[in-house]
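First the structure, then my questions, so here it is.
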Amino acid sequence: MRILGLDTSCDETAAGVVEDGVRLISNVVASQAQLHASFGGVVPELASREHEVNLVPVVRSALEAAGGLAGVNAVAVTVGPGLQGSLLVGMTFARALAHAAALPVYGVNHLEGHLAALRLMAAPPGAPFVALLATGGHTALYDVAGWGDYGLLGDTRDDAAGEAFDKVARLLGMPYPGGPAIERAAAEGAPAFGFPRPMSGRGFSFSFAGLKTAVALKVKELGEEEAARRRADLAASFQEAAVGVLADKALRACENLGRGRLAVVGGVAANERLREMVGRGAVEVFCPPAELCGDNGAMIAAAGFLAAARGELLDAEADAAPSARLG
Ligand code: KG4
Ligand code: ZN
């Protein structure tokens with residue numbers, strides 16, 4: 001069964017084709033990062049309009065790489081969480097395409113999509129396992145008892161981990177998206193500043209707002225010139241604290257639940273320092289390749305396979321679900 005997966009939940013217009021939920025055939029992503037860079041974050045109205053412009057060429061090239069629409073059996077599309085206008089652009093497109101081609105269309109939870117990216121790996125984790133999901137909008141730990149069975153262990157009380165990277169990057173005068181920019185700068189510096197590790201040791205909930213404020217206060221204390229001179233050290237210190245909390249809690253969840261496998265997914269999972277830290281634990285770590293960590297269509301197609309098995313056809317009247325949850 002071949003599924004075309006579409007994602008327009010945030011600032012990537014993405015389409016991918018996956019066979020039987022596990023074999024990646026094509027994966028095409030048009031990033032809007034440059035469009036939003038000067039604003040320091042995603043501007044929802046601009047994102048929706050850009051999806052309108054990018055969807056046709058992105059879907060066309062994902063289908064071309066898969067030998068055309070003829071071999072596709074179903075369409076899967078993200079219904080949430082995400083930006084309402086952006087989600088609706090993708091859902092409307094998916095419905096129209098599916099209607100014209102007489103294909104079923106399945107609604108996918110974007111967070112299950114990030115988890116399903118694991119199924120596209122050559123050797124995915126077998127359940128049960130603990131999953132750390134860290135993106136620009138979400139940060140959560142799940143106990144995955146099986147595909148479709150996600151027990152939420154804890155999530156963030158305020159900012160998401162990726163959001164913290166984006167906000168701190170902006171503070172340090174770096175472009176959006178902040179994750180890759182901070183990681184690059186951090187490689188040139190040392191974690192010389194001891195920033196707080198909020199909520200460390202306290203359950204499986206996260207909090208990143210205080211860490212961002214601590215960086216802002218340090219920048220103020222140093223003054224503009226000195227902060228600019230110490231930019232790499234500030235980036236490295238923030239990264240150390242942020243991914244330190246993620247790794248500690250994820251490894252502790254494995255220990256408490258007696259799980260021997262840990263999966264790390266979502267945009268922030270591309271971070272090498274995070275991968276290194278979780279790699280030091282006593283568990284087997286599973287992390288999709290970087291191109292499957294950030295938003296993409298293949299992960300939605302992979303999750304679409306699970307949604308299809310559960311019979312989750314997208315209702316003709318179904319609205320977008322901007323704050324959909326998982327687990
Ligand atoms: O999963 P994703 O592509 O989109 C959402 O669902 O939000 O995640 C995007 C987030 C952004 O906040 C970005 O700054 C962060 O992932 N990110 C990173 C890295 N690459 C992307 N954070 C830390 N280190 C990275 N290398
Ligand atoms: Zn995402």
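Please report, ordered by residue number, the strands (runs of 3 or more DSSP E) entirely within region 122-164 with at least 2 residues that are out of contact with any helix residue (DSSP H, G or I) (no Cβ under 8 Å at 6 or more places or on another chain). Before you say what the answer is, go through the steps one by one.
Numbers: elements: 129-134, 139-146, 149-155.
Qualifying strands (runs of 3 or more DSSP E): 139-146, 149-155.
Of all the residues that make up region 88-118, how many are assigned to a helix (DSSP H, G or I) and open to solvent by 40 Å² or more (accessible area, probe 1.4 Å)? Walk me through how you get there before you give the answer.
The first filter runs over region 88-118 and keeps only residues assigned to a helix (DSSP H, G or I), leaving 88-100, 110-118.
Subset that is open to solvent by 40 Å² or more (accessible area, probe 1.4 Å): 88, 92-93, 95-96, 99-100.
Here the count works out to 7.
Collect the residues in region 284-327 that are in a loop (DSSP other than H, G, I, E, B), surrounded by 14 or more Cβ atoms within 10 Å (Cβ to Cβ) and without any contact (Cβ under 8 Å) to a residue 40 or more places away in the chain, keeping them in residue-number order.
287
Out of the residues in region 70-87 meeting the condition of being in contact (Cβ under 8 Å) with a residue 24 or more places away in the chain and open to solvent by 60 Å² or more (accessible area, probe 1.4 Å), tell me which one is farthest from residue 102 (Cα to Cα). Explain how you work it out, then say what you get.
Going residue by residue through region 70-87, those that are in contact (Cβ under 8 Å) with a residue 24 or more places away in the chain are 71-87.
The next check asks that each one be open to solvent by 60 Å² or more (accessible area, probe 1.4 Å); those that pass are 73, 84.
Working: 73: 9, 84: 26 Å.
Only one residue tops the list, namely 84.
Here is a check on your reading of the model: is residue 53 open to solvent by 20 Å² or more (accessible area, probe 1.4 Å) and either outside any helix (DSSP H, G or I) or in contact (Cβ under 8 Å) with a residue 60 or more places away in the chain (or both)? Please lay out each step first, then the result.
Numbers: open to solvent by 20 Å² or more (accessible area, probe 1.4 Å): yes; either outside any helix (DSSP H, G or I) or in contact (Cβ under 8 Å) with a residue 60 or more places away in the chain (or both): no.
Judged against the criteria, residue 53 is not a match.
Scan region 28-47 and give yes if some residue there is assigned to a helix (DSSP H, G or I), in contact (Cβ under 8 Å) with a residue 60 or more places away in the chain and in contact with a His (Cβ under 7 Å, 6 or more places away or on another chain), otherwise no. Before the answer, list the steps.
Within region 28-47, the first condition is being assigned to a helix (DSSP H, G or I), and the residues that meet it are 33-37, 44-47.
If we keep only those that are in contact (Cβ under 8 Å) with a residue 60 or more places away in the chain as well, we get 33, 36-37.
Filter again for in contact with a His (Cβ under 7 Å, 6 or more places away or on another chain), leaving none.
Within region 28-47, none of the residues are assigned to a helix (DSSP H, G or I), in contact (Cβ under 8 Å) with a residue 60 or more places away in the chain and in contact with a His (Cβ under 7 Å, 6 or more places away or on another chain).
Could you check region 2-27 and list, in sequence order, the residues that are of a type outside the set (Gly, Ala, Ser), away from ligand 1 (no atom under 15 Å from the Cβ) and at negative phi? Quick ask: steps written out before the conclusion?
Residues of region 2-27 that are of a type outside the set (Gly, Ala, Ser), as a first pass: 2-4, 6-8, 10-13, 17-20, 22-25, 27.
This time we only want the ones that are away from ligand 1 (no atom under 15 Å from the Cβ), so: 2-4, 17-20, 22-25.
Correct list: 2, 3, 4, 17, 18, 19, 22, 23, 24, 25.
May I ask you to list the residues in region 249-271 that are in a helix (DSSP H, G or I) and within 16 Å of ligand 2 (Cβ to nearest atom)? Quick ask: steps written out before the conclusion?
So the first thing to find is which residues in region 249-271 are in a helix (DSSP H, G or I), and the list is 249-257, 267-270.
Scanning region 249-271 gives 267, 268, 269, 270.
Report the residue count in region 91-117 for those that are of a type in the set (S, T, N, Q), under 14 Å from residue 304 (Cα atoms) and away from ligand 2 (no atom under 12 Å from the Cβ).
0
Those residues that are within 16 Å of ligand 1 (Cβ to nearest atom) and over 15 Å from the mean Cα position of the chain (by Cα), I need them from region 251-274; list them, please. Full working, then the answer.
Step one: of region 251-274, the residues within 16 Å of ligand 1 (Cβ to nearest atom) are 263-274.
Of everything in region 251-274, those that are within 16 Å of ligand 1 (Cβ to nearest atom) and over 15 Å from the mean Cα position of the chain (by Cα) turn out to be 272, 273.
Considering each of 199, 174 in turn, give the residue that is on the phi > 0 side of the Ramachandran plot, of a type in the set (A, V, I, L, M) and assigned by TED's automatic domain parsing to the domain that holds residue 263.
On the way: 174 fails: on the phi > 0 side of the Ramachandran plot.
Every option except 199 fails the conditions.
Could we say that residue 108 is β-branched (Val, Ile, Thr) and within 16 Å of ligand 1 (Cβ to nearest atom) here?
On the way: β-branched (Val, Ile, Thr): yes; within 16 Å of ligand 1 (Cβ to nearest atom): yes.
Against the criterion (β-branched (Val, Ile, Thr) and within 16 Å of ligand 1 (Cβ to nearest atom)), residue 108 qualifies.
Which one of these does residue 130 not meet: (1) surrounded by 24 or more Cβ atoms within 10 Å (Cβ to Cβ); (2) within 15 Å of ligand 2 (Cβ to nearest atom)?
(2)
Also, quick follow-up: For region 178-205, enumerate the residues that are open to solvent by 50 Å² or more (accessible area, probe 1.4 Å) and over 21 Å from residue 228 (Cβ atoms).
If the condition is that a residue be open to solvent by 50 Å² or more (accessible area, probe 1.4 Å) and over 21 Å from residue 228 (Cβ atoms), then 196, 197, 200, 201, 202 are the ones that fit.
So which residues in region 206-264 are open to solvent by 20 Å² or more (accessible area, probe 1.4 Å) and basic (Lys, Arg)?
212, 218, 220, 229, 230, 231, 252, 259, 261
Kindly check whether there is at least one residue in region 192-211 that is assigned to a helix (DSSP H, G or I) and under 23 Å from residue 276 (Cα atoms).
Yes: region 192-211 contains one or more residues that are assigned to a helix (DSSP H, G or I) and under 23 Å from residue 276 (Cα atoms).
What's the total number of residues in region 133-149 that are away from ligand 2 (no atom under 16 Å from the Cβ), open to solvent by less than 20 Å² (accessible area, probe 1.4 Å) and farther than 21 Å from residue 18 by Cβ? Outline the logic, then answer.
Here is the first cut: in region 133-149, the residues away from ligand 2 (no atom under 16 Å from the Cβ) are 141, 143-149.
With open to solvent by less than 20 Å² (accessible area, probe 1.4 Å) added as a condition, the list becomes 141, 144, 146.
From what's left, farther than 21 Å from residue 18 by Cβ: 141.
Number of matching residues: 1.
The values are calculated or read from the model by the stated rules, or taken from the named source; none is laboratory data. None of these values were measured; they are calculated from a predicted model. All Cβ positions, glycine included, derive from the backbone under ideal geometry; neighbour counts span all protein chains shown. Each accessible area value is taken on the protein alone, full model and side chains, heavy atoms only, with ligands, DNA and RNA left out. Shrake-Rupley method; radii C 1.70, N 1.55, O 1.52, S 1.80 Å.
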